[in-house]
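S.K.: Structure incoming, see below.
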Amino acid sequence: MSKMVKKSTKDILGDFIDNELTIEYYQKSTDDIPSTEMDIYLDRRIKFQRELREKIDRVDYFVLDIKRKEHLIDAEVEALKNEIERLKGRRRAIGSFKKFVNDFLLPMVIKEIGTEDGVWETDTARYKLYETYGPVNVNPELVSNDFKKVEIKESIDRVKARNAAILSHKTGKDMPNGIEIKRVEKVRRT
């Protein structure tokens, strides 16, 4: 029992081109070619076109399936982003409550019911009230230049570079130094 081997798109396309070249050769030839032989090549043309169409349809179904899966993944990513934002909001709320407890509630309790030296003990912890320096407030217009720092950040404007490269290519001029662009083939699906 012979096993049927599926031909790749490349193989089918190669056979199709060979067949087209043969038809073109026979059409330009001055020799007398039997019509039955030409009919064989014309029938092969139809067969190869059908095989190519079927291959392309399979690829198209595959691409559609990939696109469907891509949309499902995008929806899942969006749902997870929303969940992450919800959890970040909960973390911020817990942080705000923790800050309230540490900055306001505990100092108030220690002052009211703690000992004279600012110590308050519970079953789980010992709290001591002390003073330290808080954040500094700076008026940028009044402060001396000694307290100012200048930061310079260099970055590439890729949009401008791409537009310059495209313009150079279209006008036939040399590309600007350090910039290169490649032509790529894309397919628009409608």
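S.K.: Got a sec? Which of Val5, Val77, Val63, Val101 is touching a residue at least 60 places away in the same chain (Cβ under 8 Å) and hydrophobic (A, V, I, L, M, F, W, C)?
M.R.: On the way: Val5 fails: touching a residue at least 60 places away in the same chain (Cβ under 8 Å); Val77 fails: touching a residue at least 60 places away in the same chain (Cβ under 8 Å); Val101 fails: touching a residue at least 60 places away in the same chain (Cβ under 8 Å).
Residue meeting the stated conditions: Val63.
S.K.: If you go through segment 40-55, how many residues are exposed (fewer than 15 other Cβ atoms within 10 Å of the Cβ) and either within 35 Å of the chain's Cα centre (by Cα) or outside any helix (DSSP H, G or I) (or both)?
M.R.: 2
S.K.: State the number of residues belonging to segment 163-180 that are surrounded by 11 or more Cβ atoms within 10 Å (Cβ to Cβ) and in contact with a helix residue (DSSP H, G or I) (Cβ under 8 Å, 6 or more places away or on another chain).
M.R.: 3
S.K.: Further question on the same structure: If I filter segment 59-71 for residues that are assigned to a helix (DSSP H, G or I) and within 21 Å of Gly14 (Cα to Cα), do I get at least one hit?
M.R.: yes
S.K.: Further question: Among the listed residues Arg92, Arg58, identify the single one that is modelled with pLDDT under 95, out of contact with any Phe, Trp or Tyr (no Cβ under 9 Å at 6 or more places or on another chain) and surrounded by 10 or more Cβ atoms within 10 Å (Cβ to Cβ).
M.R.: Being modelled with pLDDT under 95, out of contact with any Phe, Trp or Tyr (no Cβ under 9 Å at 6 or more places or on another chain) and surrounded by 10 or more Cβ atoms within 10 Å (Cβ to Cβ) holds for just one of Arg92, Arg58, which is Arg58.
S.K.: Could you say whether any residue in segment 126-140 is surrounded by 10 or more Cβ atoms within 10 Å (Cβ to Cβ) and either modelled with pLDDT of 90 or more or not in a loop (DSSP other than H, G, I, E, B) (or both)?
M.R.: Looking for residues that are surrounded by 10 or more Cβ atoms within 10 Å (Cβ to Cβ) and either modelled with pLDDT of 90 or more or not in a loop (DSSP other than H, G, I, E, B) (or both), one finds at least one in segment 126-140, hence yes.
Residues checked against (1) among the basic types (Lys, Arg); (2) more than 32 Å from the chain's Cα centre (by Cα); (3) outside any loop (DSSP other than H, G, I, E, B):
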position	(1), (2), (3)
Met108	no, yes, yes
Leu142	no, yes, no
Ser155	no, no, no
Ile166	no, no, yes
Lys173	yes, yes, no
Pro176	no, no, no
Lys186	yes, no, no
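S.K.: List the residue pairs whose Cβ atoms are under 8 Å apart, where the first residue sits in segment 169-190 and is closer than 20 Å to Lys67 by Cβ, the second is of a type in the set (Val, Ile, Thr) and at pLDDT below 90, and the two are 6 or more positions apart or on different chains.
M.R.: Arg189/Val63
The values are calculated or read from the model by the stated rules, or taken from the named source; none is laboratory data. Predicted, not measured: the structure shown is a model, and the values here were computed from it. Every residue, glycine as well, gets a Cβ built from its backbone with ideal geometry; the counts of neighbours run over all protein chains shown.
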